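The values are calculated or read from the model by the stated rules, or taken from the named source; none is laboratory data. Note that the structure is a prediction, hence the values are computed from the model and not measured. Glycine gets a Cβ as well: all are built from the backbone with ideal geometry, and neighbour counts include every protein chain shown. Ligands, DNA and RNA are stripped out before the accessible areas are found, and what is left, the full protein with its side chains, is counted by its heavy atoms. Shrake-Rupley method; radii C 1.70, N 1.55, O 1.52, S 1.80 Å.
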Amino acid sequence: MPLYRARVLVSLRPSVLDPAGEATRAAAGRLGVSAIQRLRIGKAVEVELEADSLDGARAQLELLSDRLLANPVIENWALEQLEPATAEA
Amino acid sequence: MTLGIVVFPGSNCDRDVQWAAEGCLGISSRFLWHEDRDLSGLDAVVIPGGFSYGDYLRCGAIARFAPVLQEVVRFAEAGGPVLGICNGFQVLTELGLLPGALTRNEHLHFVCETSELTVQPGSCRWLKGYSNGELLRFPIAHGEGRYQIEADQLPVLEANGQVVLRYRHNPNGSVADVAGICNPAGNVLGLMPHPERACDPATGGIDGQRLLAALLG
């Protein structure tokens with residue numbers, strides 16, 4: 001089966017407080033980068049998976065993202081990238 | 001002889017270090033709040049274990065920018081003895097006072113046990129009370145203690161004699177069984193095990209006493 005490469009971006013929903021992001025923003029100010037208006041921390045998950053087609057890969061990734069990678073109560077997720085894996089990468 | 005003990009929001013071994021120093025060894029100490037900048041009168045500084053600033057982003061990544069640590073860097077660069085224990089070791093690597101980084105334990109488990117260590121003091125001022133090859137028992141308690149460094153840098157550390165403490169039974173997947181690293185000058189030591197928890201006979205061992213007592217002589 002062909003191999004596909006994907007990246008899923010998991011981010012906190014806008015209504016959810018992000019203390020880690022706030023702490024990081026404060027540290028950025030101490031570094032001298034003080035113009036930051038908003039800083040939110042999420043996760044980028046890189047996945048390689050086998051599937052019979054691009055649509056098949058997308059279906060598996062949607063299931064994975066919705067049920068495992070993200071908690072829909074507090075997080076949004078987006079399939080940022082989905083493409084056939086090339087041999088050299 | 002006065003020991004400075006850095007206190008971040010989230011530090012939780014600061015009082016253990018104070019007890020080891022004052023209660024067990026008669027070394028006076030002073031807490032340094034993370035916003036303090038006054039290190040006057042201090043002979044050595046300890047960055048204790050815990051979860052500074054919640055360990056947000058990466059362990060030690062936010063603590064690195066604390067005002068007190070700017071002074072600790074100056075203190076270290078002037079030759080002052082600095083000791084980083086557990087989270088303090090993570091902070092020292094984020095600060096760049098020690099090379100490498102500490103990452104999630106290989107088997108993902110938080111480890112909490114007594115570890116056996118082999119010491120090779122070399123020129124490390126904190127370890128001058130120990131003989132080369134001596135076996136020590138210090139408690140460990142960490143989830144992110146797997147020491148990592150670029151493959152071409154490890155031989156440099158070894159050649160410099162900077163790998164001063166190694167686990168006999170590697171608990172976390174650290175390269176070369178590294179438990180503690182010293183800087184080439186010998187005044188900055190970082191280690192994941194807790195010598196301050198091996199100072200009071202009531203806690204099962206006193207192998208850590210000579211580490212803190214190195215400051216006295």
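Please work out which residue is nearest to the chain's Cα centre (by Cα), limiting yourself to the range B:65-88 and to residues that are assigned to a loop (DSSP other than H, G, I, E, B) and away from chain A (no Cβ under 14 Å).
B:Cys86
Of the numbered conditions (1) part of a loop (DSSP other than H, G, I, E, B); (2) within 15 Å of the chain's Cα centre (by Cα), B:Tyr147 fails exactly one; give the number of that condition.
Just one mismatch for B:Tyr147, condition (1).
Just checking, how many residues over the range B:33-64 are part of a helix (DSSP H, G or I) and buried (at least 19 other Cβ atoms within 10 Å of the Cβ)?
Total satisfying the criteria: 5.
For the range A:26-69, how many residues are touching a residue at least 24 places away in the same chain (Cβ under 8 Å), of a type outside the set (D, E, K, R) and either within 14 Å of chain B (Cβ to nearest Cβ) or surrounded by fewer than 11 Cβ atoms within 10 Å (Cβ to Cβ) (or both)?
2
Quick check on my filter: what residues within the range B:16-32 are in a helix (DSSP H, G or I), in contact (Cβ under 8 Å) with a residue 12 or more places away in the chain and open to solvent by 10 Å² or more (accessible area, probe 1.4 Å)?
B:Asp16, B:Gln18, B:Trp19, B:Gly23, B:Cys24, B:Leu25 - these are the residues of the range B:16-32 that are in a helix (DSSP H, G or I), in contact (Cβ under 8 Å) with a residue 12 or more places away in the chain and open to solvent by 10 Å² or more (accessible area, probe 1.4 Å).
Just to be sure, is B:Leu97 under 21 Å from A:Ala27 (Cα atoms), away from chain A (no Cβ under 14 Å), open to solvent by 10 Å² or more (accessible area, probe 1.4 Å) and in a loop (DSSP other than H, G, I, E, B)?
Answer is yes for this residue.
Would you confirm, using the coordinates I've provided, whether A:Ala23 is of a type in the set (Gly, Ala, Ser), facing chain B (nearest Cβ under 10 Å) and touching a helix residue (DSSP H, G or I) at 6+ places or on another chain (Cβ under 6 Å)?
yes
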